[in-house]
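Have a look at the structure below before the remarks.
Just so you know, all these numbers are worked out from the coordinates, no wet-lab data involved. Please read all numbers here as calculations on a predicted model, not as lab measurements. Glycine also receives a Cβ, built like all others from the backbone with ideal geometry; neighbour counts cover every protein chain displayed.
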Amino acid sequence: MRRLTQAVRHRSGAVAVEFAVSGLALFGFVLVLINMGLLGLSIGALAHGVQAAARTAAVQAAKNYVNSGSTYSCPAPASVATYFNNFANPPLPVSGTSATASNPYINAVWTNNSSNATAGEPPGVYLTLTGTYVWHPIGFNFGPGITLKITTLATVLGSASGGATVDASC
Amino acid sequence: MLKNRRASVSVELALTFLFVLLPLLGAGADGVLLISAQAQLNTALQALDYFAFTNPTAATNTTDTGTDIIGQINNASIYHIIFPAITSSGVANASLSYGCLTPGQGAATTFAYQSTPCAANQTQQTFVTYQVKTTVPLLIPLPGYGSSFPLSATGSVQTQ
């Protein structure tokens, strides 16, 4: 009888260990599922935010020309980051223009090729906008994170022709 | 008996990690690469479409412009995007197509779509079709694809 009780006790210990092992795998599986969903949400928000912010900035530059009647002026990078926040915050945190301190980091670079003189570049005034977001999965906050990066290019309507001037902000 | 059970638990642990957790983590890592690469491709395609929509005259010189735009995006992108000369469907990339409506045929008449410009007396719609591609190097090779996975994005936009 005593031997039987000991055997059962040993068996129940083994079951507990097996449950812990399989439970660890199951927990990891659920955690990966949740994180993949959050990752998809973050990538989608980043891509949408970058596209929409670039278009907003390009349209704003054209609007500035209409308002002034003669000059294209382009929104500053901080304004582009605000456009991004309007479209992607939430679910993403508030973005900024500091490469070291901002997450997401918005890098907005205007190029004036309205004379179409530079080979290898599209004609007109255009914005190259890159959004970089270091994403940390839930439960794995200790690592360096996963860097997500989306780049787009938006041209300003009508800036390639006519007698308009383009100011230094572009 | 206790020693035997300990050994079997170790084997179960090893098997669980080998056949469940490791493939799961590998597939997750590949999934991150593929999802972000596809998002970058879609964004690049949308940049091309917006350019064609807002610059219809420049968009007639589509191949050079497409190459220029993708080149600028590639300067900052993680993934190298390709703007192939010929698309997967066998037509020239950035090719134009046209919808033609003959006047005097009534409201029920639909546009006839063709690859050549419409006749002078017809009302014309102009479309441009772009395709961008990339190849994603995978961390864990996938069955049937090996260590790289091809992705593409195709879209048309009406410019006139």
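Please compute the contact order of chain B in relative form: average sequence separation of alpha-carbon pairs under 8 Å and at least six residues apart, divided by the residue count, as a percent.
Relative contact order, chain B: 25 percent.
Output ³J(HN,Hα) for region A:25-42: one whole-Hz value per residue in order, computed from phi by the Karplus curve 6.51 cos²θ - 1.76 cosθ + 1.60 with θ = phi - 60°, and x for Gly and Pro.
Each residue's phi maps through the Karplus curve to give 5, 5, 4, x, 4, 5, 5, 5, 4, 4, 5, 5, x, 5, 5, x, 4, 5 Hz.
Using amide H atoms built 1.01 Å from N in the peptide plane, name the residues 5+ places from A:Ser169, or on other chains, whose amide H lies under 5 Å from its own.
Excluding prolines and chain starts, which carry no amide H, the hits are A:Cys74.
Search the structure for amide H atoms under 5 Å from the amide H of B:Thr159, placed 1.01 Å from N in the peptide plane, and list their residues when 5 or more places away or on another chain.
B:Thr126, B:Phe127, B:Val128
When the helix-only estimate is applied to the protein assembly as shown (DSSP H runs of n ≥ 4, each -39,500 (n - 2.57), divided by the residue count), what is the mean residue ellipticity at 222 nm, nearest 500 deg cm²/dmol?
Mean residue ellipticity at 222 nm (helix-derived): -15000 deg cm²/dmol.
About the Cα centre of chain A, how large is the charge dipole given +1 on each Lys and Arg Cβ and -1 on each Asp and Glu Cβ? Please answer in debye to the nearest 20.
With only Lys, Arg, Asp and Glu charged at Cβ, the dipole is about 1000 debye.
Could you tell me the center-to-center distance, by alpha carbons, between region A:98-118 and region B:80-136 in angstrom?
For region A:98-118 versus region B:80-136, the Cα centre distance is 33 Å.
Above 30 angstrom, tally the Cα pairs of the protein assembly as shown and express them as a % of all pairs, no decimals.
That fraction is 51 percent.
Given points 7 Å out from each Cα along the Cα-Cβ axis, report the A:Val59 to A:Ser169 separation in nanometres with one decimal.
About 1.8 nm separates the two model spin labels.
If I histogram all Cα-Cα distances within region A:2-164 using bins 10 Å wide from 0, what percent of pairs lands in each bin?
10, 28, 21, 14, 9, 7, 5, 3, 2, 1, 0
Could you work out the relative contact order of chain A, using alpha carbon pairs under 8 angstrom and six or more residues apart, expressed as a whole percent?
23 percent
What are the residues whose amide H is under 5 Å from the amide H of A:Leu148, where those residues sit 5 or more places off or on another chain and H is modelled from the backbone?
When sequence neighbours closer than 5 places are left aside, the close amide H contacts are A:Tyr133, A:Val134, A:Trp135.
Report, to one decimal in Å, the Kirkwood hydrodynamic radius for region A:78-170 based on all distinct Cα pairs.
15.1 Å
Any idea which of B:Ser115, B:Gly28, B:Ser88 is furthest toward the positive side of the dipole for the protein assembly as shown, if Lys and Arg beta-carbons carry +1 and Asp and Glu beta-carbons -1?
B:Gly28
Over all directions, average the projected area of the Cα convex hull of chain B and note it in nm².
Value for chain B: 14.9 nm².
Within chain B, what is the longest stretch that has no chymotrypsin sites (Phe, Trp or Tyr not before Pro) placed in a DSSP loop and near at most 15 other beta-carbon atoms within 10 Å?
Segment B:1-110 is the longest.
Taking θ = phi - 60°, what integer Hz values does the Karplus form 6.51 cos²θ - 1.76 cosθ + 1.60 yield along region A:135-146, in sequence order, with x for Gly and Pro?
Coupling constants for region A:135-146: 9, 10, x, 4, x, 10, 7, 7, x, x, x, 10 Hz.
Spelling out what I want: for every residue of region A:87-103, take phi, set θ = phi - 60°, compute 6.51 cos²θ - 1.76 cosθ + 1.60 (Karplus), and round to whole Hz; glycine and proline get x.
Listing the rounded values in order: 9, 10, 10, x, x, 7, x, 5, 8, x, 10, 9, 5, 9, 10, 9, 8 Hz.
Once Rh for region B:95-160 is found with the Kirkwood sum over Cα pairs, what is the Stokes-Einstein diffusion coefficient at 25 °C and 0.890 mPa s, in µm²/s?
164 µm²/s
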